[in-house]
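A.B. asks: Here it is: the structure, laid out below.
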Amino acid sequence: MTQLSDAQFLDALRAVVGDAQVLTRSADQEAFLTEPRGLWRGAALCVVRPASTDEVSRVVALCHREGRSVTPHGGGTGLVGGQIAQDARGVTLSLARMNRVREIDAASNTMTVEAGVTLAAAQEAAMKADRLFALSLASEGSCTIGGNLSTNAGGTAVLAYGNARDLTMGVEVVLADGRMMNALSKLRKDNTGYDLKDLFVGAEGTLGVITAAVLKLHPRPRSVETAFVGMETPRQALDLLTLAQRRAGASLTTFELMPRIGVDFVLKHVADARDPLADENEWYALIELSSTASGGLDETMAGILEEALEQGLIDDAAIAASGQQRDDFWKLREMLSEVQSREGGSIKHDISVPLARVPEFLDAASEAVLDMEPDARVVAFGHVGDGNIHFNVSQPVGADKAAFLARWEEMNAAVHAIVLVMGGSISAEHGVGVLKRDLLPGAKDAVALDAMRAIKAALDPKGIMNPGKVL
């Protein structure tokens, strides 16, 4: 069969989604071909913006027939290049117009949303139904549910609620040949064969396009207690986590670790940021408890901190006395990633290790990095409650940014070697994309990789779905 020319192919796409929804001008494509850190610049014949699953199905079927690649695009906030097309003949498929909340079923505690719904909009829709959608990320105002599921996003509430996969009950997916798979199940028990949704959650668009999902909701908390705590070592933070879990149980929803240098960066670059404690500490924990009960958490939080003080685990603590003070605490955590860019180049690692080995990892990785670059500034922070650390390294003050970033692979190799010896993962919540694709063979079991390649070949035999990513 004779393939269509570029012009004919574009006309066929316009016949599906309308002229205005096929973007071919460079200026119109710009936002879809660049990513937050500026590490990659993409290429595509066009950006296509379908408004329905039927349109997605028809667009992908056309691409399959013509052998054109398809790169799904959500909010564009991904940090590993997974959303950036690299094929000048291919299509970037933006799901932004598919932004409907199809249903909220309060009785079953589920919400069915389309892939282009932003995380913040999903949270708001759940709140209006007196429910909680527990996924929470710093980029929630712009990241989308489709992107969250494609990367199996984590965030600050994984400790209590799990990551995106744990919050997904069913998916609607357009396969590589354009067929639509309806697995939008609300069922908590369904043992009719393979659980196919888990193939697509975390697959980064390499197996198909997630167009909608059934998300798990929880009762909305009626009370929240937030504390900002100072200590000297990550080992103390880990012991504090154990204490908090023992005393608070399932009410412990957040336990975030931050270094003093990170707090200093936020205070330096964010005008209204405030230091919550009178004296400086080497490390800090942001702790949050939440409950559907209307009271009692204040006593629980006070009890945790009193016992921690008695055991010498912490030096000082402040409990938020208002919503504004809680927001101030959270600002110190949420701005950590953004402010690092204002301190020059930053070499980043999104890793996880077994929880008990977090302090050991921090010591070993810091030593390895400082052996390479003695004046580098280690900014290690993250979701210590689930073992996920963003081990970022800022350039020395006054250093040449390009020269520092040129050591990215060398520094990654040293840090990842420590992670793997400890039985950890080189990608905890950001995905693989392009950034870590070539690292995967050295970090993943060889048989597991063969199984992944076999699944890819079975579902996408022409290799058109987000090519060059993950595998």
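The values are calculated or read from the model by the stated rules, or taken from the named source; none is laboratory data. This one's a predicted model, so the numbers in the text were calculated from it and none came from an experiment. Every residue, glycine as well, gets a Cβ built from its backbone with ideal geometry; the counts of neighbours run over all protein chains shown.
A.B. asks: Limited to segment 430-464, what total is found for residues that are in contact with a strand residue (DSSP E or B) (Cβ under 6 Å, 6 or more places away or on another chain) and within 20 Å of ALA164 (Cβ to Cβ)?
C.D. replies: 2
A.B. asks: When segment 1-19 is examined, which residues are found to be assigned to a helix (DSSP H, G or I) and exposed (fewer than 15 other Cβ atoms within 10 Å of the Cβ)?
C.D. replies: ASP6, ALA7, GLN8, ASP11, ALA15, ASP19
A.B. asks: Can you list the strands (runs of 3 or more DSSP E) lying wholly within segment 227-341 that have 2 or more residues being surrounded by fewer than 16 Cβ atoms within 10 Å (Cβ to Cβ), outside the structural domain of ASN392 (by TED's automatic domain parsing) and free of Cβ contacts under 8 Å to residues at least 40 places away in the same chain?
C.D. replies: So the answer is none; nothing clears 2.
A.B. asks: Do we have any residue at all in segment 104-113 that's over 20 Å from VAL56 (Cα atoms), polar (S, T, N, Q), out of contact with any helix residue (DSSP H, G or I) (no Cβ under 7 Å at 6 or more places or on another chain) and surrounded by fewer than 19 Cβ atoms within 10 Å (Cβ to Cβ)?
C.D. replies: Within segment 104-113 (the criterion being over 20 Å from VAL56 (Cα atoms), polar (S, T, N, Q), out of contact with any helix residue (DSSP H, G or I) (no Cβ under 7 Å at 6 or more places or on another chain) and surrounded by fewer than 19 Cβ atoms within 10 Å (Cβ to Cβ)), the answer is yes, since at least one residue qualifies.
A.B. asks: Considering only residues of segment 437-471 that are surrounded by fewer than 20 Cβ atoms within 10 Å (Cβ to Cβ) and of a type in the set (D, E, K, R), which is farthest from ILE389 (Cα to Cα)?
C.D. replies: LYS462
A.B. asks: Does any residue of segment 50-61 turn out to be over 25 Å from LYS216 (Cβ atoms) and in a loop (DSSP other than H, G, I, E, B)?
C.D. replies: yes
A.B. asks: Given the conditions (1) part of a loop (DSSP other than H, G, I, E, B); (2) within 19 Å of PRO467 (Cβ to Cβ), and given that LEU439 satisfies all but one, which numbered condition is not satisfied?
C.D. replies: It is condition (1) that LEU439 fails.
A.B. asks: Let me ask something additional. Would you confirm whether or not segment 74-87 contains a residue that is touching a helix residue (DSSP H, G or I) at 6+ places or on another chain (Cβ under 9 Å), among the acidic types (Asp, Glu) and not assigned by TED's automatic domain parsing to the domain that holds LEU207?
C.D. replies: No, there is no match, as no residue in segment 74-87 is touching a helix residue (DSSP H, G or I) at 6+ places or on another chain (Cβ under 9 Å), among the acidic types (Asp, Glu) and not assigned by TED's automatic domain parsing to the domain that holds LEU207.
A.B. asks: Looking at segment 100-155, which of the residues that are touching a Lys or Arg at 6+ places or on another chain (Cβ under 9 Å) and among the β-branched types (Val, Ile, Thr) is nearest to GLY81 (Cα to Cα)?
C.D. replies: Of everything passing the filter in segment 100-155, VAL117 is nearest to GLY81 (Cα to Cα).
A.B. asks: For ARG41, which of the numbered conditions (1) surrounded by fewer than 18 Cβ atoms within 10 Å (Cβ to Cβ); (2) modelled with pLDDT of 95 or more; (3) more than 18 Å from the chain's Cα centre (by Cα) fails to hold?
C.D. replies: The failed condition is (2).
A.B. asks: I'm trying to understand the selection: among the residues of segment 354-374, which are outside any helix (DSSP H, G or I) and in contact with a strand residue (DSSP E or B) (Cβ under 8 Å, 6 or more places away or on another chain)?
C.D. replies: GLU373, the sole residue that qualifies.
A.B. asks: While we're here: Wholly within segment 78-177, which strands (runs of 3 or more DSSP E) include no fewer than the required count, namely at least 1 residues that are in contact with a strand residue (DSSP E or B) (Cβ under 6 Å, 6 or more places away or on another chain) and farther than 28 Å from LYS469 by Cα?
C.D. replies: 101-105, 110-114
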